[in-house]
Amino acid sequence: MRPEETFEGRALIGEQEYMDSLPQGPDKSAGAIPASEWKWFGHAAHFICGRWCRFHLATQIGGFIVSTVGEYLPPESSREYTAARKGIPITGRGEQAEAEYIRKVGYEEIGYGRKFETMVFRAGKPCSAPGCSCGLPELSPPNELDFEGYNTPGEAAAGHARLCQTVASVEWRSALIVREAQAEGRS
Ligand SMILES: [Zn+2]
């Protein structure tokens with residue numbers, strides 16, 4: 001199988017083509033939002049089952065939130081159902097059952113062909129819920145502006161960092177304005 005036929009290969013080539021299509025300034029980092037102004041959050045920022053994702057990164061960059069989730073381990077009742085449906089016996093109890101499940105069944109895919117994903121959204125109102133106040137912004141609107149999928153924690157961590165740099169760049173933000181103006185024109 002050639003690398004570009006794999007899921008990761010497609011994602012990477014897509015991004016490279018995208019980067020190559022951008023205007024080449026004398027300094028590509030000019031005008032970028034510096035990492036010292038980024039904010040990090042401890043909760044999973046997207047995905048309906050995000051609270052069952054053991055791997056999560058959320059970084060706010062200007063008016064955007066870059067969110068990565070993965071290692072989705074559904075709650076116990078759902079795991080019992082999945083194991084039974086697949087005919088995989090889980091004999092342990094409690095934490096042993098959990099470890100056994102991860103070994104025999106593994107983490108769930110969170111989308112087709114991927115166990116991890118990064119999505120970029122516009123950042124809305126920061127969380128000020130009583131008893132929380134974690135500051136994690138709402139996704140407003142909840143549709144993603146950019147996306148990458150992966151199947152290992154290493155790829156997901158690298159992909160999150162890469163998308164943060166992308167979102168911080170002037171090129172990405174100006175390309176978004178153009179894209180949204182075009183979408184507006186079509187509707
Ligand atoms: Zn909160």
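Using the basic label-point model (7 angstrom from Cα toward the beta carbon), what is the residue 143 to residue 158 distance in nanometres?
Placing both labels 7 Å beyond Cα along the Cβ direction yields 3.2 nm.
Taking +1 at the Cβ of each Lys and Arg and -1 at the Cβ of each Asp and Glu, which of 69, 149, 113 sits farthest along the dipole of the stretch 50-187 towards its positive end, judged by Cα position relative to the Cα centre?
Of the options given, the answer is 113.
What ³J(HN,Hα) values, in whole Hz, does the Karplus curve 6.51 cos²θ - 1.76 cosθ + 1.60 give for the stretch 98-111 when θ = phi - 60°, with x put for Gly and Pro?
In residue order, the calculated couplings are 5, 4, 5, 4, 4, 5, 8, 10, x, 5, 6, 6, 9, x Hz.
Considering amide H positions built from the backbone, and no H for Pro or chain starts, which residues 5 or more places from residue 72, or on another chain, come under 5 Å of its amide H?
Excluding prolines and chain starts, which carry no amide H, the hits are 54, 108.
Given R₀ = 45 Å, what would the calculated FRET efficiency be for residue 178 paired with residue 133, taking r from the Cβ atoms and rounding to 0.05? Write out the running numbers ahead of the final one.
Numbers: r = 36 Å, r/R0 = 0.81.
The value I calculate is 0.80.
Read phi for every residue in the stretch 83-95 and hand back ³J(HN,Hα) as whole Hz from Karplus 6.51 cos²θ - 1.76 cosθ + 1.60, θ = phi - 60°, with x for Gly and Pro.
In residue order, the calculated couplings are 4, 5, 5, 8, x, 9, x, 10, 9, x, 10, x, 5 Hz.
Within the stretch 98-129, report the chymotrypsin sites (Phe, Trp or Tyr not before Pro) that DSSP leaves as loop and that have at most 10 other Cβ atoms within 10 Å.
112
Throughout, read-outs are computed from the coordinates displayed, never taken from laboratory work. Fair warning: this is a prediction, and the values are worked out from it, not measured in the lab. We place every Cβ from the backbone using ideal geometry, glycine too, and count neighbours over all the protein chains shown.
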